[in-house]
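Inspection log for the structure reproduced underneath, given as structure tokens.
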Amino acid sequence: MDALHEQTALELRDRLRAGELTPGEVTDHFLARIAARNDELGAFARVTPERARERATQLGPPSGPLWGMPTADKDLWNRAGVPTGFGTRAMEGFVPEESDDVVLDLDAAGIVSLGKTATPELGFPAYTEPLAGPVARNPWDLARGAGGSSGGAAVAVAAGLLPFAPGSDGGGSVRIPAAACGVVGLKPSRGLLPAGSGIEALGGLVVNGPIARTTADTALLLEGMLRRTPDGHVDHRFTLRTPAAHAGSYLAAALRGEVPGRDDDGDRFRVGVTTWNAWDDYYDVTVAPEARAALDAGVRALAGLGHGVEEHTWDPVPEYGDAFRSLWMGGASAVPIDDDAVLDQLEPLTAWLIRRGRQVPARELAEALATLTGFERTLIAGMGDLDAVVTPALAMTPRPIGWFDAADPDHNFAQQCQYTPFTSWLNVAGLPAITVPTHWTADGLPMGVQIIGRPGGEVTLLALAAQLEDVLRWPERHPPVW
């Protein structure tokens, strides 16, 4: 039988539930993988082997959808008693006394946390190269970055250090690293997950979501991140919500490649295709040949599966760039660091975002929110009768480490938008989106597509991704460090 890291998360879950494996055995295997490879990859900011082994022995009989499954916390999330670094030197020595809701929900689902996955400073950049370390290196080419801000999580999954991993996504932070590392990343609809719903974030941008090597494993982790009531419904007592499917529906869509209970042909959809992005009127965005090749490969596969595929676009929104920058900086202004000496310890990009954000007038922020709310309505209405829209996942190949300008924050921000022009506006609109690999370059780098759904359309996205996986077989590929 294959080694444990060769097996899917779903296979591991089934073997754990059948008693063929114990949580301790699975925990020890992945801790050994981390010990052997993390130094060169930088996937983990902190590993907690003693706590993980203690947790594995104290789980009791199988309960929860993710019982005994190893994963890790993003290093932006608090776990009581474990240092949270936030990717910054400014938070050195911080040890939280309470765990965040997302951590509590994952614990309730039965997971065993092996530590903290690496993130850029305070989670703002779309690459994971913090001065506080570690630098998350792309498993397909260690000289290239893993994307961000859930860079460590994507590296851990792609390199077989974890079967799956949760992340957070405020402008693409699940989808960007998943695309760069050749795995699957899902940003749920705003309001779907009780913890990390997006409702509590300025502009509704930041939601939590899963990263995995297969579509079914992505759906499995999504199921575990949904806080369920005893009758199988999502527990949304403490937040606004997007209508959620019943327990098991997301995994069923990923396993069957169709939307359960759909009245018409449940596995055939109308799909739009576009390279339009909301930054076109603000920055000079070029879709690289490798990104175009990935889009073409995904579209050919979808057409070959019998889907109705058609060109699509949205009307330009010239005000988008200014409005998003104001909102992004406004959100940064709330970082709870008020001491100028501590702010001086931050990297230039982060300090610039925070300081500029604190200079944004209330009227400018209010106008930006109004502009982006109008953009959200326009984008959703502009989908027409389509079930989904496909774009490139990234506009360029994964960037070399050190490519982003470390001295000029304004140029750095522009570089991020040019590298990842297809992601942030879906956070603004609150729409679900999934990235999957569809193409490998001549240099062996993964490239992929992003599939955008309607509000609450995760089952459609998972069904489409599962169909693409059946054709393109990306889980059979492994990076050189595997």
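Could you identify the single residue in ALA433, ALA366, ALA370 that is among the hydrophobic types (A, V, I, L, M, F, W, C), under 18 Å from the mean Cα position of the chain (by Cα) and farther than 30 Å from LEU131 by Cβ? It would help to see each step written out before you state the result.
Numbers: ALA366 fails: under 18 Å from the mean Cα position of the chain (by Cα); ALA370 fails: under 18 Å from the mean Cα position of the chain (by Cα).
Only one candidate qualifies: ALA433.
Considering only segment 265-288, how many residues are outside any loop (DSSP other than H, G, I, E, B) and open to solvent by 70 Å² or more (accessible area, probe 1.4 Å)?
Step one: filter segment 265-288 for residues outside any loop (DSSP other than H, G, I, E, B), giving 270-273.
Now restrict to residues that are open to solvent by 70 Å² or more (accessible area, probe 1.4 Å): 270.
Total satisfying the criteria: 1.
Quick one: in segment 41-79, of everything that is more than 20 Å from the chain's Cα centre (by Cα) and of a type in the set (D, E, K, R), which residue is surrounded by the most Cβ atoms within 10 Å (Cβ to Cβ)?
Taking segment 41-79 as the starting set, the residues that turn out to be more than 20 Å from the chain's Cα centre (by Cα) are 47-65, 67-68.
Add one more test, that the residue is of a type in the set (D, E, K, R), and what stays is 50-51, 53-55.
Values: GLU50: 8, ARG51: 16, ARG53: 17, GLU54: 12, ARG55: 21.
Of everything passing the filter in segment 41-79, ARG55 is surrounded by the most Cβ atoms within 10 Å (Cβ to Cβ).
Output the residue which, of all residues in segment 191-235 that are in a helix (DSSP H, G or I) and either among the charged types (D, E, K, R) or free of Cβ contacts under 8 Å to residues at least 40 places away in the same chain (or both), is least open to solvent (accessible area, probe 1.4 Å).
By that ranking, first place goes to ASP217.
Within segment 91-171, which strands (runs of 3 or more DSSP E) (wholly inside it) include 1 or more residues that are over 13 Å from the mean Cα position of the chain (by Cα), modelled with pLDDT under 95 and closer than 16 Å to ASP73 by Cα?
Passing ranges: none, list empty.
Out of the residues in segment 397-407 meeting the condition of being in contact (Cβ under 8 Å) with a residue 12 or more places away in the chain and surrounded by fewer than 19 Cβ atoms within 10 Å (Cβ to Cβ), tell me which one is farthest from the chain's Cα centre (by Cα).
Of everything passing the filter in segment 397-407, ALA407 is farthest from the chain's Cα centre (by Cα).
Report yes if some residue within segment 424-437 is open to solvent by 10 Å² or more (accessible area, probe 1.4 Å) and among the aromatic types (Phe, Trp, Tyr); otherwise report no.
Looking for residues that are open to solvent by 10 Å² or more (accessible area, probe 1.4 Å) and among the aromatic types (Phe, Trp, Tyr), one finds none in segment 424-437, hence no.
Among the residues in segment 238-253, are any modelled with pLDDT under 90 and open to solvent by less than 20 Å² (accessible area, probe 1.4 Å)?
Looking for residues that are modelled with pLDDT under 90 and open to solvent by less than 20 Å² (accessible area, probe 1.4 Å), one finds at least one in segment 238-253, hence yes.
Pull out all pairs, ordered by first then second residue, where Cβ-Cβ is under 8 Å, the residues are six or more apart or on different chains, the first lies in segment 42-54 and is part of a loop (DSSP other than H, G, I, E, B), and the second is surrounded by fewer than 18 Cβ atoms within 10 Å (Cβ to Cβ).
As it stands, the answer is GLY42/GLY133, since those pairs meet every condition given.
The values are calculated or read from the model by the stated rules, or taken from the named source; none is laboratory data. All values reported here derive from a predicted model rather than from experimental measurement. Positions of Cβ are generated from backbone atoms using ideal geometry, with glycine treated the same way; all protein chains shown enter the neighbour counts. Only protein heavy atoms, including side chains, enter the accessible area calculation; ligands, DNA and RNA are left aside. Shrake-Rupley method; radii C 1.70, N 1.55, O 1.52, S 1.80 Å.
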